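Engineer: Let me begin by handing over the structure; questions about it come next.
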Amino acid sequence: MFLFEKNSNLRLTLVRLKRNRLALLGFAILLVIFLLAVFADFAAPYGFSKQNLRARFQSPSMQHFFGTDEFGRDIFSRIVFGARISLQVGFLAVFTAMIAGGLLGAFSGYRGGRFDNIVMRFMDVVLSIPTMLLAIAIAAALGPGLFNLMIAVGLSTLPRFARIVRASVLSIKEQEFVEAARAMGASDWRIIVRHILPNCTAPIIVEATLGVAHAILSAASLSFIGLGIQPPYPEWGAMLSSARGYLRDYAYMSIFPGLAIMITILSLNFIGDGLRDAMDPKLKR
């Protein structure tokens with residue numbers, strides 16, 4: 001069967017997704033942010049660490065679109081470069097958590113028994129801890145930095161993928177095509193990777209999309225309290241933290257990084273909701 005055959009699931013999903021205007025708006029916004037992050041060296045008019053003390057606290061103008069901060073650095077340029085860090089943390093942390101948590105949940109659901117009980121009880125314990133509190137504890141133990149920030153965000157997200165994939169595997173593993181593969185002598189690894197996981201893609205993709213939004217917010221929160229990216233590297237949460245002391249007199253220093261976080265997360269939520277509606281056959285219109 002061809003990938004875009006008339007009645008293929010992918011084609012029907014794309015058709016339903018195209019009808020969702022909010023999802024398309026989310027894709028458009030995220031594409032713009034992604035292009036700005038990739039081509040930040042060309043899109044940003046100034047370097048993210050370039051200081052000009054004579055231009056401190058300048059209001060938004062044609063020369064500095066979002067104004068300047070306490071060191072005379074261009075806020076627009078720092079937000080553009082900050083998009084690189086936020087998207088990198090969000091996508092890489094969630095991708096790692098999706099792979100590790102997905103495989104763990106798949107083996108747990110497929111094997112069952114004591115292994116399943118041990119893994120799921122451990123996941124229940126981890127899920128009983130507030131996600132943000134767990135990320136703070138991991139980041140505080142590892143120390144600040146980009147790599148440690150991704151580890152903290154990824155580990156705090158992993159249990160959700162494990163539970164979602166396990167639930168899907170439990171409903172799939174007894175179906176006829178899995179029994180046929182098992183009867184033909186296929187190994188557990190081959191059955192899980194080649195037959196079960198491809199049929200769990202819908203909930204995984206939706207959770208991953210929403211997870212990226214949560215990861216970006218978590219990364220910004222950790223940087224805000226000093227456990228994430230350290231100055232002078234631009235990160236939206238760290239920019240908010242440094243600007244809070246000037247909120248009354250120079251509110252724009254907080255407004256624009258906050259808007260960057262809000263718009264990015266909103267676009268990802270639009271995409272996640274659109275994908276969930278498009279991939280759920282019960283929601284066909």
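Engineer: Along the range 50-61, what does the Karplus equation 6.51 cos²θ - 1.76 cosθ + 1.60 (θ = phi - 60°) give for ³J(HN,Hα), rounded to whole Hz, x for Gly and Pro?
Structural biologist: These are the phi-based 3J(HN,Hα) values: 6, 9, 8, 5, 6, 9, 5, 6, 7, 5, x, 8 Hz.
Engineer: Using only the alpha carbons of the range 29-176, what is the convex hull's orientation-averaged projected area in square nanometres?
Structural biologist: On the way: hull surface 49.3 nm².
Reported value for the Cα convex hull: 12.3 nm².
Engineer: In the range 129-285, if every C-alpha pair distance is counted and binned at 10 Å from zero, what percent goes to each bin?
Structural biologist: Computed distribution, short to long bins: 10, 28, 27, 19, 11, 4, 1, 0.
Engineer: With helices defined as uninterrupted DSSP H runs, which ones in the chain have an alpha carbon span along their own long axis of at least 27 Å and mean Kyte-Doolittle hydropathy of at least -1.0? Mind showing how you got there, number by number?
Structural biologist: On the way: long enough: 75-111 (52 Å, 1.27); 146-172 (38 Å, 1.33); 201-224 (34 Å, 1.43); 252-279 (40 Å, 1.11).
The answer, listed by residue number, is 75-111, 146-172, 201-224, 252-279.
Engineer: Would you mind computing Rg(Cα) / (2.2 N^0.38 Å) for the chain, counting N as its residues?
Structural biologist: Numbers: Rg = 22.1 Å, N = 285, 2.2 N^0.38 = 18.8 Å.
With N residues counted in the chain, Rg over 2.2 N^0.38 Å equals 1.17.
Engineer: Shifting gears a bit: Based only on Cα atoms, what mean projected area does the convex hull of the range 49-104 have, in nm²? Don't jump to the answer; show the numbers that get you there.
Structural biologist: Details: hull surface 18.2 nm².
About 4.5 nm², averaged over all directions.
Throughout, read-outs are computed from the coordinates displayed, never taken from laboratory work. Just so it is clear, the structure is predicted and the values come from calculations on it, not from any experiment.
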